[in-house]
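Here's the structure we're looking at; comments come further down.
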Amino acid sequence: MERFGFVGLPNSGKSSLYNALIGSDVLAAPYAFATTSSNVGVAKVVDPRLAAIAELSGSRTVTPASVQFTDIGGLVEGASRGEGLGNRFLAGIREVDAVVFVLRSFVDPDVPGPTDPLEHLRVLEIELTLADLESVENRLAKRRKSAVQDRSLAGEVAALEAANHVLGEGIPLYRGDLAAEHRADLRESSLLTNRPVLAVVNIGEDQLEDADAVIQPVADELDGRAGVMAVCVQLEAEAAQLSAEERGEMLDGLGLGEGALGRFTHAAYDLLGLRTFFTTGDKETRAWTFRVGATAPEAAGRIHTDFQRGFIRAEVIGWQELLDAGGWTKAKEQGLMRTEGRDYPVADGDVMEIRFNV
């Protein structure tokens, strides 16, 4: 499953966002460092297509795709020098697929801290950049020595040197202009700024009608280098504690649509280039994620490595076409099922049956 790490200043709303997305109730208090250890949770991705396919197939089990969230202790300016809780928790998000900046915009006199999201962004980028710079300098010194004997490390050394230059200028890697091959060679280094970023601006209830204007300065600053979205975290966290029916009524009444999890998932999937395909039958209907451009064998590998290794072919139909046909058997009878081979690029919403032999 895809993993997202939350980073923010104290009182930015990180833990409340975590609660809103997970539907949990971890401590979210209006004082600094309420979170003193990493919280990790898993949320199911809501997809109406999955329920419709499962109902058509009469599936006994319905399994949605899942995403993992990690909430770490708040960072403060100077964390790299040990201020506040330091950056001791950053290890908790070094293996995530994307970093989520939680930037506060709401104003509450009872909750201390800056309310300018650009100030939050500035501090977070500085601290993560300094943490990465330290990691790169340490790794570069070791790799240079090893590269004398092992020429296969030349690519990584060049990538580390390029990263060292960018970070030394105070620029996070996701905002730098590193060559794609350098970014790829840096993956094993688990650098915090060498991964996609989604900025969530935590707005107040009184800012809901002006949400686009509130987040525009952040979008301008990031200039297309990261995704940006507005969330009224407090309202979403309150809604997450209600029953499904009550939550739907509250979200509709406030004009929040599908809620934080749905909006976050759509934004995160776009950021990472993720799409969904389905498998279905009377036993189970399940959603699987894959990267844009994945071939049928690569998508099959999301189910099991044996499916990719022994891939023969896939029977494929679009989810809406399957519904219109009235089921898998009827779709076959109508000649709507396609047989696709190893080069087939899987499309979002495909329903697939994999044929393989190991």
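No value in this document is a laboratory result; all are computed from the given coordinates. This one's a predicted model, so the numbers in the text were calculated from it and none came from an experiment. All Cβ positions, glycine included, derive from the backbone under ideal geometry; neighbour counts span all protein chains shown.
Near Ala199, the amide H atoms lying under 5 Å from its own belong to Phe101, Gly227, Val228, Met229; only residues 5 or more places off or on other chains count, and H is placed 1.01 Å from N.
Taking 0.36 nm per residue of sequence separation and subtracting the Cα-Cα distance, how much length would be gained by fully extending the chain between Asp108 and Ala211, in nm to one decimal? Provide the component values of the computation, followed by the final result.
Numbers: separation 103, 0.36 × 103 = 37.08 nm, distance 1.70 nm.
My answer for the length gained is 35.4 nm.
Put simply, the amide H of Gly318, placed in the peptide plane, has neighbours under 5 Å in Val351, leaving out anything fewer than 5 places away on its chain.
Entry note, region 2-271: relative contact order of 22 percent, from Cα contacts under 8 Å with a spacing of 6+ residues. Converting phi to 3J(HN,Hα) with the Karplus coefficients 6.51, -1.76 and 1.60 and the offset θ = phi - 60°, region 171-177 yields 10, x, 4, 5, 9, x, 10 Hz in sequence order, with x at every glycine or proline. Rg/Rh, computed from the Cα trace of region 61-193 with Rh as the Kirkwood radius, has the value 1.05. Bridges between two residues of region 2-271, per DSSP, are antiparallel at a rate of about 20%. Proximity of backbone amide H atoms, modeled 1.01 Å from N, is registered between Arg104 and Asn202 at under 5 Å, excluding neighbours fewer than 5 places apart on the same chain. Coupling constants for region 186-203 follow from the phi torsions by the Karplus curve (6.51 cos²θ - 1.76 cosθ + 1.60, θ = phi - 60°), and in residue order they are 8, 4, 5, 7, 6, 6, 5, 9, 9, 7, x, 10, 10, 9, 9, 8, 7, 9 Hz; glycine and proline get x. The HN-Hα couplings worked out from phi for region 60-66 by the Karplus form 6.51 cos²θ - 1.76 cosθ + 1.60 (θ = phi - 60°) are 6, 10, 10, 10, x, 5, 10 Hz, whole numbers, x standing for Gly and Pro.
Sorted from fewest to most neighbouring beta carbons within 10 Å, what does the list Tyr269, Tyr18 look like? Kindly include the intermediate steps, with their values, before the conclusion.
Numbers: Tyr269 19, Tyr18 27.
With the sparsest Cβ surroundings first, the list reads Tyr269, Tyr18.
Taking all Cα-Cα distances within the chain, those exceeding 38 Å account for 27%. In terms of other Cβ atoms within 10 Å, Ser135, Ser152 run from fewest to most in the order Ser152, Ser135.
For a distance above 16 Å, tell me the whole-number percent of Cα pairs in region 293-356 that qualify. The answer is 42 percent, as a whole percent.
Once region 129-258 is represented by equal point scatterers at the alpha-carbon sites, with solvent omitted, what log10 I(q)/I(0) does the Debye formula produce at q = 0.09, 0.15 Å⁻¹? With one equal scatterer per Cα and no solvent, log10 I(q)/I(0) is -0.44, -0.77.
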